[in-house]
Amino acid sequence: MHSSSACLFSLSLFLSFQGVTQSEFVNQVPFDIKPVTCIVHQLGEPCQMTISLQWQNPQVIDACLYQETNKLRCWKKQSAVQEKLKITLAQSMNFSLFDLHGRLLATQTVNVHATVSKRYRRKLKTDWSFF
């Protein structure tokens, strides 16, 4: 086996183990959301933030952005988008870009983190009391 053939075979094998086919790997649209982390005081509190979103594709496409299953925004006949969106999160969520045929083009997760962990909070009183 030639070294270039072995390299291509290794890449194919790696992608198949990752659960990604070569066609899915090639069709991914460069997609970026910033920031990718939202900080709240305690988990469960809503996090409101403005994200910077950008994506680009070599060809003009119609695409929609989803926050989990909620459609946020659609674009028609665009090859590049750069804009800001206000979002609200209660927990870490996936943001996905789909074409109008329902094919997943790209995805990114925005995480919610707390400054106070319930696990390490000190109790102010005991669980039992005589008073």
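The values are calculated or read from the model by the stated rules, or taken from the named source; none is laboratory data. Computed from a predicted model, the values in this text were never measured in an experiment. Positions of Cβ are backbone-derived with ideal geometry, glycine not excepted, and every protein chain shown enters the neighbour counts.
Close contacts from the range 26-49, counting a first residue that is under 29 Å from residue 62 (Cα atoms) and a second that is among the basic types (Lys, Arg), with Cβ to Cβ under 9 Å and a gap of 6+ residues or different chains, come to 27/103; 48/86; 49/86. In the list 43, 85, which residue meets the criterion of being surrounded by 14 or more Cβ atoms within 10 Å (Cβ to Cβ), over 14 Å from residue 29 (Cα atoms) and out of contact with any Leu (no Cβ under 7 Å at 6 or more places or on another chain)? It is 43.
Only residues that are surrounded by 14 or more Cβ atoms within 10 Å (Cβ to Cβ) and charged (D, E, K, R) were counted in the range 88-111, giving 1.
Looking only at the range 26-39, decide whether some residue is over 12 Å from residue 110 (Cβ atoms), among the polar types (S, T, N, Q) and at pLDDT 90 or above.
Looking for residues that are over 12 Å from residue 110 (Cβ atoms), among the polar types (S, T, N, Q) and at pLDDT 90 or above, one finds none in the range 26-39, hence no.
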